[in-house]
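Read the structure below first, then the notes.
Just so it is clear, none of the values below were taken in a lab; they were calculated from the coordinates. Keep in mind the model is a prediction, meaning the values are calculated, not measured. In this analysis, Cβ positions are derived from the backbone assuming ideal geometry, glycine residues included, and neighbour counts consider all displayed protein chains.
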Amino acid sequence: MRKDIHPDYHDVTVACACGSTFKTRSTYKSEVLHLEICSSCHPFFTGKQKLVDSAGRVERFQKKYAAFRKGRAEASAAGKSSGAGS
Ligand SMILES: [Zn+2]
């Protein structure tokens with residue numbers, strides 16, 4: 001190999017937010033690579049549903065549409081009582 005043209009390829013410990021760690025080799029700048037999700041906790045591999053919500057977006061969505069759903073429920077209840085539902 002030519003000198004001074006190759007990035008530093010070294011051992012890296014990958015640490016996921018779920019607690020799982022594994023070792024690999026990489027040119028990553030640090031010795032430890034932190035992840036939010038890995039193959040031990042990703043829903044694709046676990047088969048379980050999990051919301052990856054790091055910025056509170058799911059909560060914001062549910063808050064935003066809570067009023068909308070409530071409105072729909074009231075509308076459908078009103079529709080049933082008048083006999084012109086759905
Ligand atoms: Zn993980």
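Residues that are of a type in the set (S, T, N, Q) and touching an Asp or Glu at 6+ places or on another chain (Cβ under 8 Å) do not occur anywhere in the stretch 30-52.
Of all residues in the stretch 35-47, those that are more than 6 Å from the ligand (Cβ to nearest atom) have Cβ atoms under 6 Å from Cβ atoms of residues that are of a type outside the set (Phe, Trp, Tyr), 6 or more apart or on another chain, in 35/16; 36/17; 43/49; 43/50; 45/39.
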